[in-house]
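Working notes, beginning with the structure itself.
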Amino acid sequence: MQLTSKTKGICILLGVLAAIGVGTWIYQLVNGLGVTGMSNVNSWGTYIIMFMLFVGLSAGGLIVASSAHVFNIESFKPLALPAVICSTVCICLAGMFILIDLGGIVRIWRILTGPNFVSPLLWDMCVITCYLVINILDLVWISKGAEEKVRKLSYVALPVAILVHSVTAWIFGLQIAREWYTAIMAPIFVASALDSGLALLIVCLVALDRAGIAEFPVKLQNMLGKLLATFVAVDAFFIGCEVLTMAYPGAGQAQALAIMATGETAPFFWFEMIGGLLIPFLLLAGQKRRNSTGLVVTASLLVVFGVFCKRCWLLLTSFVEPNMYGAPGISLGTHAAQTGGRATWALTGSYMPTLPEVVIVIGVLALGGLAFTLLSQYLIKGRTQTQGAAGEAHAAKPAEANRAAV
């Protein structure tokens, strides 16, 4: 595998950032989750937000790859390998964020010895494990050109890809104590997985095209841009249904809607509505605009960041109002709370990621970027070079035979 000097420089930078992230994670393990912005009021934070984001990004990539074989879409089949690479990297990053969020990772074996089968968290672990196995098999078989095996596996991969993000949604939708006890939560998650996963795939394909690893013709870019606009419209429709239900007189979620629309999580909510849905749809709705790589990439990045904002308001809105109160408040349990005084208690939820959280997230993202770069170089570019050399050798044999006959 030959790397250009520019690619080597990028890999070294990503490796350094990943190493810093690992060092910061070790610091968190030694000092506990108290070094994060999480507390007894906000027990989930940036790590779970990133977990939800990357599960969706992964599911969207595999759905596109599987659809090429399930529905026999010939134009999508060249995208299968980049899509599966992207999906595999994203699901690995999602799993990393879960392990990082656990804090006491040495006790992870307790999940296997004492599983709670009615917990959506256990369902999520099982489905994600199966999903990772499917991705690895897809990578191996696509790389070897085992088209029939890939086709059969796609019939399993497509429903599992939908299920993996549905189970993540049920973690929120089946919690009666929180604000999202609603049947539409799973469709909302799947819709956002479709648009964010396809958006990330488009960005990756453009990057691979610019790097000379894989071709991404304008015609295919236009087609994927049109599909992305459709997914964005469906996502907006589902969110509109949920917001309308919350706003209807007598609904029990009016307080959560007020927090989303005008309260603490309003910046995330409105950025997604405008920057993550409306603007990308307008950019992708016109055919001429879809022919512009810059506009398509801009719309795709806005979609991904919009879904990130959705994960923020979805998670943090649930923690603004605590489930239970006490006097003089709820003990935060953070390092600052140990000093006593006002920092010990809270009446409302508040969360801000600390520097260790930010550094760890950057490290995990850098590790994902490094993995995607190396896998693309080895599996896509290496495979193309091998096929090219085989084609030249095959063409040379008739010529040699003709010379021998003469």
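The values are calculated or read from the model by the stated rules, or taken from the named source; none is laboratory data. None of the values given here were measured: they were computed from a predicted structure. Virtual Cβ from ideal backbone geometry, glycine too; neighbours counted across all protein chains shown.
Numbers for the structure displayed
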item: Hey, GLU242 over 26 Å from SER376 (Cβ atoms) and charged (D, E, K, R) or not; result: yes
item: Search result, residues across segment 49-80 that are touching a Ser or Thr at 6+ places or on another chain (Cβ under 7 Å) and of a type outside the set (Gly, Ala, Ser); result: MET52, VAL55, LEU57, LEU62, HIS69, VAL70, ILE73, PHE76
item: In segment 194-253, the residues that are touching a Pro at 6+ places or on another chain (Cβ under 7 Å) and part of a loop (DSSP other than H, G, I, E, B); result: ALA214
item: Candidates THR168, THR129, THR113 - the one that is closer than 18 Å to MET96 by Cβ and free of Cβ contacts under 8 Å to residues at least 24 places away in the same chain; result: THR129
item: Any hit, segment 98-109, residues being farther than 22 Å from PHE319 by Cα, surrounded by 13 or more Cβ atoms within 10 Å (Cβ to Cβ) and under 14 Å from the mean Cα position of the chain (by Cα); result: no
item: Residues located in segment 144-156, provided they are in a helix (DSSP H, G or I) and surrounded by fewer than 17 Cβ atoms within 10 Å (Cβ to Cβ); result: LYS144, GLU147, GLU148, LYS149, ARG151, LYS152, TYR155, VAL156
item: Residues satisfying the stated conditions in segment 115-150, i.e. among the small types (Gly, Ala, Ser) and within 16 Å of LEU81 (Cβ to Cβ); result: SER143, GLY145, ALA146
item: Selected residue [touching a residue at least 12 places away in the same chain (Cβ under 8 Å) and closer than 20 Å to TRP123 by Cα] from TRP44, TRP25; result: TRP44
item: Members of segment 157-178 that are under 19 Å from LEU132 (Cβ atoms), surrounded by fewer than 24 Cβ atoms within 10 Å (Cβ to Cβ) and modelled with pLDDT under 85; result: ILE171
item: Condition check for GLY275: modelled with pLDDT of 85 or more, part of a helix (DSSP H, G or I), surrounded by fewer than 18 Cβ atoms within 10 Å (Cβ to Cβ) and within 29 Å of the chain's Cα centre (by Cα); result: yes
item: Conditions (1) in a helix (DSSP H, G or I); (2) crowded, with 23+ Cβ neighbours inside 10 Å; number of the one not met by MET38; result: (1)
item: First in segment 259-288 and touching a residue at least 12 places away in the same chain (Cβ under 8 Å) and on the phi > 0 side of the Ramachandran plot, second anywhere and surrounded by fewer than 22 Cβ atoms within 10 Å (Cβ to Cβ) and not β-branched (Val, Ile, Thr), Cβ under 8 Å, 6 or more apart; result: none
item: Evaluation of SER5 against (1) modelled with pLDDT under 85; (2) surrounded by 15 or more Cβ atoms within 10 Å (Cβ to Cβ) (one fails), failing number; result: (2)
item: Residue in segment 227-242 that is surrounded by 20 or more Cβ atoms within 10 Å (Cβ to Cβ), closer than 24 Å to ALA68 by Cα and touching a Gly at 6+ places or on another chain (Cβ under 6 Å) present; result: no
item: Residue tally, condition part of a loop (DSSP other than H, G, I, E, B) and small (Gly, Ala, Ser), over segment 83-136; result: 4
item: Given (1) at positive phi; (2) buried (at least 19 other Cβ atoms within 10 Å of the Cβ); (3) not small (Gly, Ala, Ser), index of the condition ASN72 fails; result: (2)
